[in-house]
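To start, the structure itself, in structure tokens.
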Amino acid sequence: MTYRVPVDDIVHALKTAAGLDDLIERNMLGGVDEDTIRAVIEEAGKFGAEVLEPLSAPGDRAGSKLVDGKVVTPPGWKEAYQQFAAGGWGALAAPEEWGGQNLPQVIATAAGEVWNSSNLAFGLCPLLTFGAIDAIEAQGSDELKRLYLPKMVSGEWTGTMNLTEPHAGSDLSLLKTRAVREVDGSYRLFGTKIFITYGDHEMTDNIVHLVLARLPDAPPGTRGISLFLVPKRLVDKDGTLGGPNDVVCAGLEHKLGIHASPTCVMKFGEKGDGAVGYLVGEENRGLNVMFIMMNAARLAVGTQGVAVAERATQRALAYAKERRQGRATKGGGDGMAPIIEHADIRRSLMTMKALTQAARAICLVTAKETDVARRSGNAAERAAAAHRVALLTPVAKAFSTDIGCEVASIGVQVHGGMGFIEETGAAQIYRDARILPIYEGTNGIQAIDLVTRKLPLEGGKVVEGYILELGQTADEVRRSNRPEFGRMGERLAEAVAALAEATRWMGGALRQSPDAALAGAAPYLRLFGLAAGGIYLAKGALAAARDGAANGQAQPIAVARFFAENLAIASPGLKESIVAGADSTLAPAEALA
Ligand SMILES: Cc1cc2nc3c(=O)[nH]c(=O)nc-3n(C[C@H](O)[C@H](O)[C@H](O)COP(=O)(O)OP(=O)(O)OC[C@H]3O[C@@H](n4cnc5c(N)ncnc54)[C@H](O)[C@@H]3O)c2cc1C
């Protein structure tokens, strides 16, 4: 079943949840209009469906291989990457100064969903390059920008992110990779990084590694970490490629999914002299720079969650229309009914659709706030939007990737036994999806970030203002009194009230009982996602109701209502688990004996 780009759903979410018309009117998107956005998403979809998707299953079977110390990607991968670069897709949101198109983040996010729906293992490569471009653009020296950014923006070179070491994953304070200063101002790096995505490949002539390392006189912990740009091949001052740097891929991991994406063990300075590196930003402030890259990458990974959920939903829907089993309760006809007519399958499909659309809206709103934070002419508005980005990024990452796995799992179930068999593709989506809650900061770490760092922003005013806005939409739904909305307004009001109460409780718990706050962090993030996602879908339903259901606008209302009445309804229970579940969560050690 071929991938179909959900352009109407994406544009609907942009218009209703992210306020696209207002952004365009206020010239917040650099002169881009709705038609252009639609055209770019459609073109991205064409590339995804025609070039990337046909490689996804064969790429999964072949995997990337380490041959004579070099990574070889699956057949067709290199050509697809070259087409990707030639099409200018790597340059979408990059600054014009370096050859980019400076298109808004909302477009880049929508396009990212499309490529990752088509082929998740492929989509990861540009995802990391975009993050590396952001970090170099923000903190690299003029010389580094001049030498590296044009090639990365054009897609001639790719970028990686080298954080993880065997003993330093979630906690980077323990990392051991060393950097030594050289008299010419460069550095030499020594150490081993693990799990490095696209750490090596043959698709481009060069790879630009961003590597976290520690200087000999660095203070301990996270305050002593610096960031270095380490090219696979050295680059002369005039930009020409020189010899190989002292960086090698020493091994590839065997994984549950994303087999085509090479996950590399990287050795720096194995040959003795050290890998040549260049400081990005200031010494010992590397984690701050890396956070620029990680925040962009976290939204992009959240979008991967949406992407797998969309793909799983499309496959399940197509299968449910074809597969016949059992008789429909409504009767009619002698033969077996398509399984889509069974109530339990309908519930499954509605859950898939509603979770996907809610997560998409959260990601697109986060992207929109990124655009406002970068492009508004008003400093106060820029600052407020930057706070929103900070607040929403962990939710976009964790909620969307959690639901990505859930939806992929339901997708397998809808296929019955065939879901467990590789040929339908449902199994690959399920396997591929499972990495998403783990990398780019595990979802547990995202929940901790949300609770301990984002809720206290501006003394709690950022989250307070956000919840107030959610409540206004819930009120609007209630006041509208539309029979087709069912109990949507009531359920959303309960969800927002639960979020408000849990947020107040978190404020106190963070001061008085941090362990209790941390015990509730994951359900808090889920509650946040359900309330926010439910409200964004309701905005879509309100807009659809204004347009008139006769105009083919029934679906947004049906999906929003289902979400509120069947999914957001879990919110009061989650709130109880947060405010009253810590004691039993932190049960005595014997409970886990
Ligand atoms: C396929 C793949 C690709 C990857 N790509 C890259 C890459 O390109 N670059 C890169 O640098 N890394 C990459 N990673 C590494 C990835 O980011 C880490 O695996 C991830 O950050 C978790 O670190 P860890 O594996 O050491 O788990 P750990 O940190 O050991 O965590 C184990 C468990 O403990 C939990 N935990 C840890 N600390 C806490 C805490 N303080 N409180 C509560 N719970 C906690 C975690 O949430 C997790 O559930 C990749 C990993 C994989 C598998």
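The values are calculated or read from the model by the stated rules, or taken from the named source; none is laboratory data. Every value quoted in this text rests on a predicted model; they were computed, and no experiment measured them. Counting neighbours? That spans all protein chains shown, and the Cβs are built from the backbone with ideal geometry, glycine included. To get the accessible areas, we keep the full protein, side chains included, count just its heavy atoms, and leave off ligands, DNA and RNA. Shrake-Rupley method; radii C 1.70, N 1.55, O 1.52, S 1.80 Å.
Things worth noting here:
- Unmet requirement for F195, which otherwise passes all of (1) open to solvent by less than 70 Å² (accessible area, probe 1.4 Å); (2) touching a Gly at 6+ places or on another chain (Cβ under 9 Å); (3) over 19 Å from N284 (Cα atoms): (1)
- Residue among G444, G425, G417, G404 that alone is touching a helix residue (DSSP H, G or I) at 6+ places or on another chain (Cβ under 8 Å) and surrounded by fewer than 19 Cβ atoms within 10 Å (Cβ to Cβ): G444
- Taken over region 280-293, the residue count meeting the criterion of being within 16 Å of the ligand (Cβ to nearest atom) and assigned to a strand (DSSP E or B) is 1.
- Residue count for region 169-178 satisfying the condition of being within 23 Å of the chain's Cα centre (by Cα) and surrounded by fewer than 18 Cβ atoms within 10 Å (Cβ to Cβ): 3.
- Checked against (1) in contact (Cβ under 8 Å) with a residue 24 or more places away in the chain; (2) open to solvent by 30 Å² or more (accessible area, probe 1.4 Å), A13 passes all but a single condition, namely (2).
- Selection over region 92-118 of residues that are part of a helix (DSSP H, G or I), buried (at least 23 other Cβ atoms within 10 Å of the Cβ) and of a type outside the set (V, I, T) gives a count of 10.
- Summed over region 398-449, the residues that are within 12 Å of the ligand (Cβ to nearest atom), closer than 17 Å to A521 by Cα and touching a residue at least 12 places away in the same chain (Cβ under 8 Å) give a count of 11.
- Checked against (1) over 22 Å from T401 (Cβ atoms); (2) without any contact (Cβ under 8 Å) to a residue 60 or more places away in the chain; (3) exposed (fewer than 15 other Cβ atoms within 10 Å of the Cβ), E341 passes all but condition (3).
- Selection from region 455-468 of residues that are open to solvent by less than 30 Å² (accessible area, probe 1.4 Å) and either within 16 Å of the ligand (Cβ to nearest atom) or part of a loop (DSSP other than H, G, I, E, B) (or both): L455
- Residue in region 511-529 that is open to solvent by 10 Å² or more (accessible area, probe 1.4 Å), part of a helix (DSSP H, G or I), touching a residue at least 24 places away in the same chain (Cβ under 8 Å) and within 25 Å of R346 (Cβ to Cβ) present: yes
- Verdict on R453 being in contact with a Leu (Cβ under 7 Å, 6 or more places away or on another chain), among the basic types (K, R) and farther than 30 Å from R324 by Cβ: no
- Enumeration of residues in region 371-393 that are open to solvent by 20 Å² or more (accessible area, probe 1.4 Å) and in contact with a helix residue (DSSP H, G or I) (Cβ under 7 Å, 6 or more places away or on another chain): A373, E381, R382, A386, H387, R388, V389, A390
- For region 119-158, filtering for residues that are over 21 Å from A44 (Cα atoms), open to solvent by less than 10 Å² (accessible area, probe 1.4 Å) and within 16 Å of the ligand (Cβ to nearest atom) leaves 2.
- Enumeration of residues in region 237-279 that are within 16 Å of the ligand (Cβ to nearest atom), open to solvent by less than 20 Å² (accessible area, probe 1.4 Å) and without any contact (Cβ under 8 Å) to a residue 60 or more places away in the chain: V247
- Looking across region 133-172, the residues that are in contact (Cβ under 8 Å) with a residue 40 or more places away in the chain and part of a strand (DSSP E or B) come down to W157, T158, G159, T160, M161, N162.
- Residue match in region 378-389 (condition: within 15 Å of the chain's Cα centre (by Cα), of a type in the set (S, T, N, Q), more than 16 Å from the ligand (Cβ to nearest atom) and over 30 Å from H254 (Cα atoms)): no
- Screening P75 on (1) without any contact (Cβ under 8 Å) to a residue 60 or more places away in the chain; (2) assigned to a strand (DSSP E or B) shows it passes everything except condition (2).
Residue-by-condition table, conditions (1) open to solvent by 40 Å² or more (accessible area, probe 1.4 Å); (2) free of Cβ contacts under 8 Å to residues at least 40 places away in the same chain:
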{"site": "V306", "(1), (2)": "no, no"}
{"site": "Y319", "(1), (2)": "yes, no"}
{"site": "R327", "(1), (2)": "yes, yes"}
{"site": "M336", "(1), (2)": "yes, yes"}
{"site": "M352", "(1), (2)": "no, no"}
{"site": "T356", "(1), (2)": "no, no"}
{"site": "V395", "(1), (2)": "no, no"}
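- One residue alone among A531, A509, A522 is within 16 Å of the ligand (Cβ to nearest atom) and within 26 Å of the chain's Cα centre (by Cα), and that residue is A522.
- Residue count for region 477-498, restricted to those that are over 16 Å from A361 (Cβ atoms) and either within 27 Å of the chain's Cα centre (by Cα) or among the acidic types (D, E) (or both): 4.
- Unique residue being on the phi < 0 side of the Ramachandran plot and open to solvent by less than 50 Å² (accessible area, probe 1.4 Å) when the list is R214, R181: R214
- Members of region 178-236 found to be within 15 Å of the ligand (Cβ to nearest atom) and in a loop (DSSP other than H, G, I, E, B), listed by number: Y198, G199, D200, H201, K232
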